[in-house]
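Structure, as structure tokens:
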Amino acid sequence: MQSIQAALESLKKDHRFRSIPNIDYGADKHVLLQERHILNLASNNYLGFSERAEIRRAAVIAAQNYGTTSGASRLVSGTYGPYDALEEEVARFKGTEAALIFNSGYAANLAICSSLADRNCVIFSDRLNHASIVDGIILSRATHVRYRHNDMAHLEKCLEKHAGTHRKIVITDSVFSMDGDMADVAQAARLCKSHGALLVLDEAHAAGVLGQGRGLASELGVADQVDLHMGTFSKAMGSFGAYVAGSRTMIDWLMNTARSFIYSTSLPPSVIGANREALRIVQNEPQTGKRLMAISKDLRDALNGMGFDTGQSQTQIIPVILGDNGATLAARDFLLQRGLLVGAIRPPTVPKGTARLRLSLRADLTDREMEEITDTFRDLRQNLPVVGNES
């Protein structure tokens, strides 16, 4: 216990101690925090779908018709008609032979890595991939080769170095969760084809937004060159759970070997009902994602013009990189006092010396709210003119 307490004190000293904020309505555009209504720029509810009446109604109807729980894992008795329908709808949406629903993106990535790989496999992973991918690779016991972030020349060298390995997998986020930049999926697909590697794409932060909601691979016209697509319902779709889409053979393999699928109680009917309705709306309203990209570019340009460092962001995820942990927390608190809730992201979530504010824009922000956000950051720039990098 003493060693744990000492470690906690070290986290506090380094401004890396975390606590759960006392927030009501955490996914809504405005949250209730410290008895104040605050504009929420910290949620992954990118399209504002959690507040859509149709999706809420679909969740209620599903619960009324099918109850409040699935009652078991999917392969035992925890399945029902809407579950099968959702998987068929996802497969059609993604243009694949089949799809499988998982309880979360984390569970899906654990399943993909641990089911497709073993000690005789090499997995090539972008250095900034999500923690769920890293954990999945560790669980698989495969050789883990990390290539430099979005560096396709380095990936190619890594693939060449392991040319003698029979089983190779390249896995990458499509939109990186802390930087908001996009993977070079087209070049990764070309390298996988020439080196006989499978390509797995995590579209968690692109699903519902890019490619008419289908993700970055669809946006770039290379979806058919990706072997497995993972996407979530818990971000832009405004609900919960995840999907993996691919060939019938790949999906059958996951169904039969993925421990996070086999040994988990399946999602409840209310969630499946909400997911189906969210998927329907995304297909019918692709302009929502396009507007989100447009307002994100406008704010990014404004922040860069003020002298803020937004890294290589190209999407609705906009980092404001301040470097120093303490300065980042001070900036977060300043914005909170001005009515904006943003995330303060520090190591180990991001590399040391790159602490940042993480802005998650949403399509339901009005023009007036965008002006308020810009004005508030202009005030922040004036009140926090000098920030340093931690040694």
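The values are calculated or read from the model by the stated rules, or taken from the named source; none is laboratory data. This is a predicted model, so every value here is computed, not measured. Glycine gets a Cβ as well: all are built from the backbone with ideal geometry, and neighbour counts include every protein chain shown. Protein only, heavy atoms only, side chains kept; ligands, DNA and RNA dropped before computing areas. Shrake-Rupley method; radii C 1.70, N 1.55, O 1.52, S 1.80 Å.
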GluC sites (Glu not before Pro) within segment 15-67, DSSP loop, no more than 13 other Cβ atoms inside 10 Å
35
Percent RCO, i.e. relative contact order, over segment 25-112, from Cα pairs under 8 Å lying at least 6 residues apart:
12
Please state the Cα pair-distance histogram of segment 241-391 with 10 angstrom bins from zero: what percent is in each bin?
9, 29, 24, 23, 13, 2
With a 1.4 Å probe and all protein chains left in place, how much of the accessible area of segment 182-256 comes from carbon and sulfur atoms, in whole percent?
50
A 26 angstrom limit on the alpha carbon distance is what I want to check against. Which of 13/235; 235/297; 13/352; 168/352; 94/193 exceed it?
13/235; 168/352
Take residue 143, project a point 7 Å from its Cα along the Cβ direction, then tell me which residues of segment 107-132 have their backbone nitrogen under 16 Å from it.
117-125
Which whole-number percent of Cα pairs in segment 232-275 have a distance greater than 13 Å?
62
How large is the Kirkwood hydrodynamic radius of the chain, in angstrom, based on all distinct alpha carbon pairs?
21.9
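Ignoring ligands, DNA and RNA, what accessible area per residue does the chain give at 1.4 Å, in Å²? Provide the component values of the computation, followed by the final result.
On the way: 17480 Å² over 391 residues.
Counting only protein heavy atoms, the per-residue value for the chain is 45 Å².
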Return the loop-located chymotrypsin sites (Phe, Trp or Tyr not before Pro) in segment 255-359 (DSSP other than H, G, I, E, B) with at most 15 other Cβ atoms within 10 Å of their own Cβ; answer none if there are none.
263
Debye-sum result for segment 64-147 in log10 I(q)/I(0), which assumes one identical scatterer on each alpha carbon, at q = 0.11, 0.19, 0.23, 0.24 Å⁻¹:
-0.43, -0.93, -1.07, -1.10
Accessible-area composition of segment 68-118, carbon plus sulfur, in percent [1.4 Å probe]:
51
If amide H atoms are modeled at 1.01 Å from N in the peptide plane, then the residues at a separation of 5 or more from residue 207, or on another chain, having amide H under 5 Å from its own are 232
Can you give the Kirkwood hydrodynamic radius of segment 85-227 from its Cα pairs, in Å with one decimal?
15.2
Which whole-number percentage describes the relative contact order of the chain, with Cα contacts under 8 Å and a sequence gap of 6 or more?
21
Please name which of 266, 279, 295 has its Cα lying farthest along the dipole of segment 247-317 towards the positive end, using unit charges on Cβ (Lys, Arg +1; Asp, Glu -1) and the Cα centre as origin.
266
Please state the Cα pair-distance histogram of segment 1-153 with 5 angstrom bins from zero: what percent is in each bin?
1, 7, 8, 10, 13, 16, 16, 13, 9, 5, 1, 0
